[in-house]
Amino acid sequence: MKQEEHKLQVLMVKYWRYTCKPHQEWWLFAIPNGGSRDKITGAKLKAEGVKAGVADLFLAYPTGHTDRNIHGWWIEVKHGKNKLTMSQQKFREEMMAQNYGFVTIRDLDYWMRFLLMLTQSQEETPCEADLIHNLFLEEDVRKRSSYSSF
């Protein structure tokens with residue numbers, strides 16, 4: 001994972017943890033399938049099931065839509081104009097065919113809006129993002145200013 005994408009993913013997880021209800025912290029987790037490793041570690045991880053193309057995060061939050069239900073959300077973190085690789089595109093297609101959502105996040109604001117969209121489309125909100133959105137921005141604006149390249 002590129003450094004800019006790492007910084008953004010850390011902020012996304014921080015925002016989720018800050019806004020979600022205590023029992024929901026488990027709902028968002030990382031899939032550590034990228035990065036360079038030595039041959040032995042790489043072989044062990046491959047044997048354990050690591051696959052190229054799998055998204056960076058998974059949000060275990062189902063959502064209902066008029067045409068179908070989405071079981072949960074695969075989240076790919078990209079910086080700037082970086083595009084999905086062929087294996088990531090294939091993964092996206094396979095997961096969407098199985099009624100999972102897939103979203104590419106390029107900045108923290110889009111992540112916040114995505115969570116708001118999820119919470120506002122449900123009867124019971126999974127997190128208090130709509131109430132805490134501005135509070136988070138006020139408290140973290142100085143820290144995030146160093147990540148303005150997102």
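The values are calculated or read from the model by the stated rules, or taken from the named source; none is laboratory data. Just so we're clear, the structure is a prediction, and the values are computed from it rather than from any experiment. A quick note on method: Cβ atoms are made from the backbone with ideal geometry, for glycine too, and the neighbour counts reach across all protein chains shown.
May I ask you to verify whether residue 65 is out of contact with any helix residue (DSSP H, G or I) (no Cβ under 7 Å at 6 or more places or on another chain) and modelled with pLDDT of 90 or more? Break it down stepwise before answering.
Details: out of contact with any helix residue (DSSP H, G or I) (no Cβ under 7 Å at 6 or more places or on another chain): yes; modelled with pLDDT of 90 or more: no.
In short, no.
In summary, residue 76 fulfils each of the numbered conditions (1) touching a residue at least 60 places away in the same chain (Cβ under 8 Å); (2) within 13 Å of the chain's Cα centre (by Cα) with the single exception of condition (1).
Across region 49-84, the qualifying residues are those that are not in a loop (DSSP other than H, G, I, E, B) and not hydrophobic (A, V, I, L, M, F, W, C), and the one among them that is surrounded by the fewest Cβ atoms within 10 Å (Cβ to Cβ) is 69. Filtered by the rule that a residue be under 12 Å from residue 55 (Cβ atoms) and without any contact (Cβ under 8 Å) to a residue 12 or more places away in the chain, region 90-118 gives 94, 96. Looking across region 1-48, the residues that are touching a residue at least 60 places away in the same chain (Cβ under 8 Å), assigned to a helix (DSSP H, G or I) and not charged (D, E, K, R) come down to 8, 9, 11, 12, 15, 16, 18, 19, 24, 27.
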